[in-house]
Each structure stands twice: as C-alpha cells, then as structure tokens.
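Chemist: Structure provided below as structure tokens; questions to follow.
The values are calculated or read from the model by the stated rules, or taken from the named source; none is laboratory data. In this text, all values refer to a predicted model and were calculated from it rather than measured experimentally. FYI the Cβ positions are ideal-geometry reconstructions off the backbone, even for glycines, and counts take in every protein chain you see. Surface accessibility is based on the protein's heavy atoms, side chains included, excluding ligands, DNA and RNA. Shrake-Rupley method; radii C 1.70, N 1.55, O 1.52, S 1.80 Å.
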Amino acid sequence: MRVARLSSVYSDELDAPNFLHGLIGTALRSKIVPLGSPANVARDYIHIDNVCRLLEAIALRGQRPVYNVASGENVSNARLADLLGSLTGARIDCGPADPALRSPVIRIDAITEDFGIRPKSLEWQLRRMLGGRIPAKAAS
C-alpha cells in the first residue's frame, strides 16, 4: 500500500468549483477582482494531468510508503494575482500580507528521484490554458 498526499489540484476545466478556477473565471469576466486573502498566503498547485501520471507511477512502481503529489513550488496570492493580471487584463487585489502565515514548500524529492517526473509550473500551465481564452479587453 502507498499513500499519495495531494496538493492543490486544478484542471483545464475552468468552471470547476475550487479557489483557482473561481479566481480565473472572475478575472476573465471582471476588470477588478477583490481576492481578500493575504498576499503572502501560498499554495502548491499541480495540474490533474501530472497527478494522473504520478498516481499511475506510484501504483505501478512506487517503493516508498508515502509520496507527495505536488509541484514543489509555492505560488503566493500576490504572484498569482500578477500572473492572472498579465494573462487576463484584470486587476486582482489581495489582502494585506500577514507575517504570521507561513506556507512551507512541499518536498517532491520522492517523485523526482523514483519516477523522473517534474510537474510543469502553474505559470506554464496557465499560459497554455488561457492562451486562446483571453477576452478582447485584455488583448489590447
């Protein structure tokens, strides 16, 4: 038996009911998006395609009892706001940073060492996903 610990999973289906998809949808529809969550809060986002590849590899070839299924890269709300702003033309306003909140980076050594899989970054995936979906207001 193996345990797969998943981080924040997202897909190309932008109508999925989760934080990232909701934020993307709002940014595509609105010029100003109040996020409210502190700017320094960070999450590790991993695309469902990477999750599926990793779960298959863990099931078929895994040797360790526990695997972190994550990208190994935290993306802060501030960075996410900048990235989505550049891709959609929306201004995403984060709440003030809260120094008491810390987001540790998830170690993915096991998946890179055992399977040679390094998940693509959120930035790379968002550029691919939103390439043809940017509204006219953001293209100008």
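Chemist: Looking at this structure, is ALA97 small (Gly, Ala, Ser) and either closer than 30 Å to ALA4 by Cα or within 19 Å of the chain's Cα centre (by Cα) (or both)?
Modeler: No; evaluated as a whole, the condition is false for this residue.
Chemist: In the list ASN68, ASN40, which residue meets the criterion of being open to solvent by 20 Å² or more (accessible area, probe 1.4 Å) and not in a strand (DSSP E or B)?
Modeler: Among ASN68, ASN40, only ASN40 is open to solvent by 20 Å² or more (accessible area, probe 1.4 Å) and not in a strand (DSSP E or B).
Chemist: Going through the stretch 74-94 one residue at a time, which ones are touching a residue at least 40 places away in the same chain (Cβ under 8 Å), touching a Lys or Arg at 6+ places or on another chain (Cβ under 9 Å) and either aliphatic (A, V, I, L, M) or not in a helix (DSSP H, G or I) (or both)?
Modeler: Scanning the stretch 74-94 gives VAL75, LEU80, ALA81, LEU83, LEU87, GLY89, ALA90, ARG91.
Chemist: Which of the residues belonging to the stretch 95-140 are open to solvent by less than 40 Å² (accessible area, probe 1.4 Å) and either closer than 22 Å to CYS52 by Cβ or modelled with pLDDT of 95 or more (or both)?
Modeler: ILE108, ALA110, ILE111, PHE115, ILE117, PRO119, SER121, LEU122, GLN125, LEU126, MET129, LEU130
Chemist: Still on this structure, please answer the following. Residues being farther than 18 Å from GLN125 by Cα and open to solvent by 50 Å² or more (accessible area, probe 1.4 Å): count how many of those fall in the stretch 1-20.
Modeler: Residues flagged as farther than 18 Å from GLN125 by Cα and open to solvent by 50 Å² or more (accessible area, probe 1.4 Å) within the stretch 1-20 amount to 5.
Chemist: Output the number of residues of the stretch 43-65 satisfying the condition of being open to solvent by less than 40 Å² (accessible area, probe 1.4 Å) and either of a type in the set (Asp, Glu) or part of a helix (DSSP H, G or I) (or both).
Modeler: Number satisfying all stated conditions: 6.
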